[in-house]
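Step one of this worksheet: look at the structure below.
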Amino acid sequence: MRRLIVGLVICACCALAARGQEKGEVLNLIQAVQGDTPLIEDLRTLTDEIGGRPTGSAANMRSVEWALERFRAAGVSARKEAFDMPALWLERSASSTVRGAVEFRARVAAMPFSIGTPVAGAEAPFIDAGRGTTEDFERLGEEAKGALVLIETDLLQDVPGLFKEYADAAEIERRAFAAEVMGVVYMGSRSRSVLYRHNASLSHFNRHLMLVMERDAATRAMRLLRAEQVLTLRARVDINSSGPYESFNVIGEIRGSLQPEEFVVVGAHLDSWGIGTGALDNGANVALVIDLARQMSRLGIKPKRTIRFALFNGEEQGMHGSLGYTLLHADELDRHVMASSYDIGSGRITGYFTNGRSELFEVLDAALQPGENVGPFEHSTEPIVGTDNFDFMLQGVANLVANQESANYGPNHHARTDTFEQVDLEQLRKNAAVAAAITYAFANVDVDWVRHDREAITELVGSTSLGEQLKMFNYYESWASGTRGRTD
Ligand SMILES: [Zn+2]
């Protein structure tokens, strides 16, 4: 079975290399990453033995040391690179009780950058805010003031559902804060009452209590409220928070043989939320990136350009590690040929987002031709906000995000269930072959594109969905004011 897959992937990539030596090298690499490598064992140790690793936690620092050791054991030079995190936020514990004519406990997760409560807890009217629409808040009027508002959600099925959840949340929270609520309680969108955690829209600027409540309890509370019962919610939320601190990316590097001053970045983020063990998001792709470096080193492959294998931190809390990378390496960005990100679990890679650049299609098409068991591949110029390509894009550096089938990514996203056994190990190895072909191609081909200046990036913001996405994720101001992205 494996031999068959290798053969098909090799066929898929034959068109890559015009020159004999390169062709042999990339075929060896593609075969190697599909072999019996330590990739799976790396994923197991990262997820089971280190576990959930939110930036700022002790587990996260262990993961940094782990990643350094993994690169070095593979003979790949590696270093820690410091960057600034704007604020520390870690949940110590969170619990709640719904109170009224009946009383029951409801498991909750604090949303990142939620405020905590006093040790004795906080209690407030628990009210039905429907879907959190403008009409809902008009209906509530003064009643919303000082209350904990319960927001109804759809059951999450897939990645598009996840994007809708994010988009809706920004609007719901804007209305709720304008109504002067004490806090927002989302009905958990995951089946089987699985808890999860992702950012409140204002990230570290948030000053409200923000909770996700297990779906069973939240739907029960909602039914009670709609049956005219009066409820309060008592919540106890203990948060470890403080101001700015230093965190670290881990950068493995294989130096280029002909143009070492030019760079290709292949990246995944090391951090996760601590509620699961960060396997799909993003341990699987961390293991993929490390194994790619390991196999290149083992085979003695010397790419023309320098390849940086970047394990970013601080991604979940606002892509701060990759931002830090672009600041630390500002003088080299003109010579960054491409920066790629892998961050959608272990579903099949279906193509790449080129983030506005159709000129990258030629290299992608040459490197990846579909075979019976691989592809078809379809690439898109659509700009993507939400992972570590972001600051490269705003700096005008050519960048890629691997597009992947949703598979089981959506329902397990940032959830308790994001653990080792969710990862499709066979597909992960096939994805590694695709990533190998692409990384090798960009490290060796002649390129005719250059870094975009601010005018060109502004054109991208204005002519695509990028502007709307920047607003949705609350990054528009930092782009517009020049605090994030290229200024010249
Ligand atoms: Zn991620």
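Go through Arg335, Arg305 for me and flag whichever is among the basic types (Lys, Arg) and either out of contact with any strand residue (DSSP E or B) (no Cβ under 6 Å at 6 or more places or on another chain) or surrounded by fewer than 24 Cβ atoms within 10 Å (Cβ to Cβ) (or both).
On the way: Arg305 fails: either out of contact with any strand residue (DSSP E or B) (no Cβ under 6 Å at 6 or more places or on another chain) or surrounded by fewer than 24 Cβ atoms within 10 Å (Cβ to Cβ) (or both).
Just one listed residue meets the conditions, Arg335.
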Quiz item: Can you find even one residue in region 316-337 that is under 16 Å from Ala435 (Cβ atoms), within 16 Å of the ligand (Cβ to nearest atom) and under 15 Å from the mean Cα position of the chain (by Cα)?
Solution: no
Exercise. For region 299-328, name all the residues that are within 17 Å of Gly256 (Cα to Cα) and of a type outside the set (A, V, I, L, M).
Key: Gly300, Lys302, Pro303, Lys304, Arg305, Thr306, Arg308, Phe309
Quiz prompt | Tally of residues being buried (at least 20 other Cβ atoms within 10 Å of the Cβ) and within 18 Å of Thr381 (Cα to Cα) across region 430-459 | solution = 4
Exercise. Name the one entry in Gly318, Gly252, Gly256 that is within 26 Å of His198 (Cα to Cα) and in contact (Cβ under 8 Å) with a residue 24 or more places away in the chain.
Key: Gly318
Quiz item: What are the residues in region 385-417 that are more than 14 Å from the chain's Cα centre (by Cα), within 15 Å of the ligand (Cβ to nearest atom) and of a type in the set (Asp, Glu), if any?
Solution: none
Self-check item: Matching option when the condition is surrounded by fewer than 24 Cβ atoms within 10 Å (Cβ to Cβ), within 15 Å of the ligand (Cβ to nearest atom) and modelled with pLDDT of 95 or more, among Gln427, Gln422
Solution: Gln422
Exercise. Taking only region 303-312 into account, find how many residues are among the aliphatic types (A, V, I, L, M) and either free of Cβ contacts under 8 Å to residues at least 24 places away in the same chain or within 13 Å of the ligand (Cβ to nearest atom) (or both).
Key: 1
Quiz item: Among all residue pairs at least 6 apart or on different chains, which show Cβ distances below 8 Å where the first residue, located in region 27-47, is touching a residue at least 12 places away in the same chain (Cβ under 8 Å) and the second is crowded, with 21+ Cβ neighbours inside 10 Å and of a type in the set (Asp, Glu)?
Solution: Val33/Asp291; Thr37/Asp291; Pro38/Asp291; Leu39/Asp291; Asp42/Asp291
Practice problem: Only residues in region 265-288 that are farther than 20 Å from Ile40 by Cβ count as the first member; pair them with residues that are of a type in the set (S, T, N, Q) and near the ligand (Cβ under 10 Å from one of its atoms), Cβ under 8 angstrom, at least 6 apart or cross-chain, and list the lot. | Solution: Gly267/Ser341
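Okay, residues lined up against (1) under 20 Å from Arg416 (Cα atoms); (2) outside any helix (DSSP H, G or I); (3) among the hydrophobic types (A, V, I, L, M, F, W, C); (4) out of contact with any strand residue (DSSP E or B) (no Cβ under 8 Å at 6 or more places or on another chain):
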{"position": "Thr47", "(1), (2), (3), (4)": "yes, no, no, yes"}
{"position": "Thr55", "(1), (2), (3), (4)": "yes, yes, no, no"}
{"position": "Ala59", "(1), (2), (3), (4)": "yes, no, yes, yes"}
{"position": "Ser63", "(1), (2), (3), (4)": "yes, no, no, yes"}
{"position": "Glu69", "(1), (2), (3), (4)": "no, no, no, yes"}
{"position": "Arg72", "(1), (2), (3), (4)": "no, no, no, no"}
{"position": "Gly75", "(1), (2), (3), (4)": "no, yes, no, yes"}
{"position": "Ala78", "(1), (2), (3), (4)": "no, yes, yes, no"}
{"position": "Ala82", "(1), (2), (3), (4)": "no, yes, yes, no"}
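Can Ile239 be described as under 21 Å from Asn431 (Cα atoms), among the β-branched types (Val, Ile, Thr) and more than 16 Å from the ligand (Cβ to nearest atom)?
Numbers: under 21 Å from Asn431 (Cα atoms): no; among the β-branched types (Val, Ile, Thr): yes; more than 16 Å from the ligand (Cβ to nearest atom): yes.
Criteria not met by Ile239.
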Quiz item: Hey, does region 372-383 have a residue that's within 16 Å of the ligand (Cβ to nearest atom) and either touching an Asp or Glu at 6+ places or on another chain (Cβ under 8 Å) or closer than 29 Å to Ala279 by Cβ (or both)?
Solution: no
Practice problem: Please name all residue pairs, on different chains or six or more residues apart, with Cβ atoms under 6 Å, provided the first residue is in region 335-359 and is under 21 Å from Gln469 (Cβ atoms) and the second residue is of a type in the set (Asp, Glu) and within 14 Å of the ligand (Cβ to nearest atom). | Solution: Ser341/Asp388
Exercise. Would you check if Ser257 is modelled with pLDDT of 95 or more and buried (at least 24 other Cβ atoms within 10 Å of the Cβ)?
Key: no
Quiz item: Which one of these is more than 30 Å from Ala407 (Cα to Cα) and free of Cβ contacts under 8 Å to residues at least 24 places away in the same chain: Ala221, Ala147, Ala227?
Solution: Ala227
Quiz item: Limited to region 271-302, what total is found for residues that are farther than 15 Å from Leu39 by Cα and either within 16 Å of the ligand (Cβ to nearest atom) or surrounded by 24 or more Cβ atoms within 10 Å (Cβ to Cβ) (or both)?
Solution: 9
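Suppose we filter Leu233, Leu202, Leu225 for residues that are more than 16 Å from the ligand (Cβ to nearest atom) and surrounded by 24 or more Cβ atoms within 10 Å (Cβ to Cβ); which single one remains?
On the way: Leu202 fails: surrounded by 24 or more Cβ atoms within 10 Å (Cβ to Cβ); Leu225 fails: surrounded by 24 or more Cβ atoms within 10 Å (Cβ to Cβ).
After applying the criteria, what remains is Leu233.
Looking only at strands (runs of 3 or more DSSP E) that fall completely inside region 88-140, which ones have 2 or more residues that are among the charged types (D, E, K, R) and touching a residue at least 60 places away in the same chain (Cβ under 8 Å)?
Numbers: elements: 88-99, 103-106, 108-110, 122-128.
Result: 88-99, 122-128.
The values are calculated or read from the model by the stated rules, or taken from the named source; none is laboratory data. Predicted model only: the values in this text are computed from it and were never measured. Glycine also receives a Cβ, built like all others from the backbone with ideal geometry; neighbour counts cover every protein chain displayed.
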